[in-house]
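To start, the structure itself, in structure tokens.
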């Protein structure tokens, strides 16, 4: 597996290289770079199978690096000293997000993820989707279940379990009554149109709520309290429409 490491710390590049050779003999480190700009020049001419990438670097950070260049099929593993970028890394479809110094078992598990994905049968995935779609039952155009295609799996949710959906840039984040969370690549507007018949209401530009789970409305504070304890803001212009939909 031809691999490139991009990190502005030379000592850590050396340490990571040694660990990779220990845990994954099939890893072939074709190049390492302390300057991300040099890595960009190399990668534009030399496709690789795997990229290890730091987040905070002097010239450009890891996310800007991916914005400038990333083949769609190149897996990326972030290795960084900063734990605060994990969600953003997930939105960039990272295979994994490891904190320095990454342990051997963590590296091994991350590489195994890539190998599992490569071995997946595309037709098998499509069968899962078709089966899930067949399970979606409708009554007066309502959905009983919703299929979510997340980064690493297909999730089938009972619509009544969804408390709210939050916009996160071009993505949508689902929150369920049992406090699970799922992120999909579809925008919030897609789910607003899809779930309108299921009594979902656009509370705010960034929030779509299941009216079944509205517990109370604090008018003065401009906040709706959901049954799972979440407090969500609403625009006061929406209060009349919200109350009408709750009847």
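Every number here is computed from the coordinates shown, using simple stated rules; none is lab data. Note that the coordinates shown come from a computational prediction; the quantities given were computed from them, not determined experimentally. Note that each Cβ is placed from the backbone with ideal geometry, even for glycine, and that neighbours are counted across all protein chains shown.
Can you sort 63, 201 by how many other beta carbons sit within 10 Å, fewest first?
If I rank by nearby Cβ atoms, fewest first, I get 63, 201.
If packing is taken as the mean number of other Cβ atoms within 10 Å per residue, what is the order of 83-89, 12-18, highest first?
12-18, 83-89
Using the basic label-point model (7 angstrom from Cα toward the beta carbon), what is the residue 219 to residue 112 distance in nanometres?
5.7 nm
Counting helices only, and only those DSSP H runs with n ≥ 4, report the 222 nm mean residue ellipticity of the chain as the sum of -39,500 (n - 2.57) divided by its residues, in deg cm²/dmol to the nearest 500.
Per the formula, -10000 deg cm²/dmol.
What list of whole percents do you get for P(r) of segment 142-247, with Cα-Cα distances grouped in 10 Å bins up to the one holding the largest distance?
15, 52, 29, 4, 0
Which shape class, rounded, prolate or oblate, goes with segment 1-124 when its Cα gyration tensor gives a ≥ b ≥ c as root eigenvalues, a/c under 1.5 marks rounded, and past that a/b bigger than b/c marks prolate?
It comes out rounded by the Cα gyration axes.
Just to be sure I understand the model, the point goes 7 Å from the Cα along the line to the Cβ. What's the resulting residue 56 to residue 103 distance in nm?
Placing both labels 7 Å along Cα→Cβ, they lie 2.4 nm apart.
Starting from the Cα gyration tensor of segment 34-100, take the square roots of the eigenvalues, sort them a ≥ b ≥ c, and report rounded, prolate or oblate (rounded when a/c is under 1.5, otherwise prolate if a/b is larger than b/c, else oblate).
oblate
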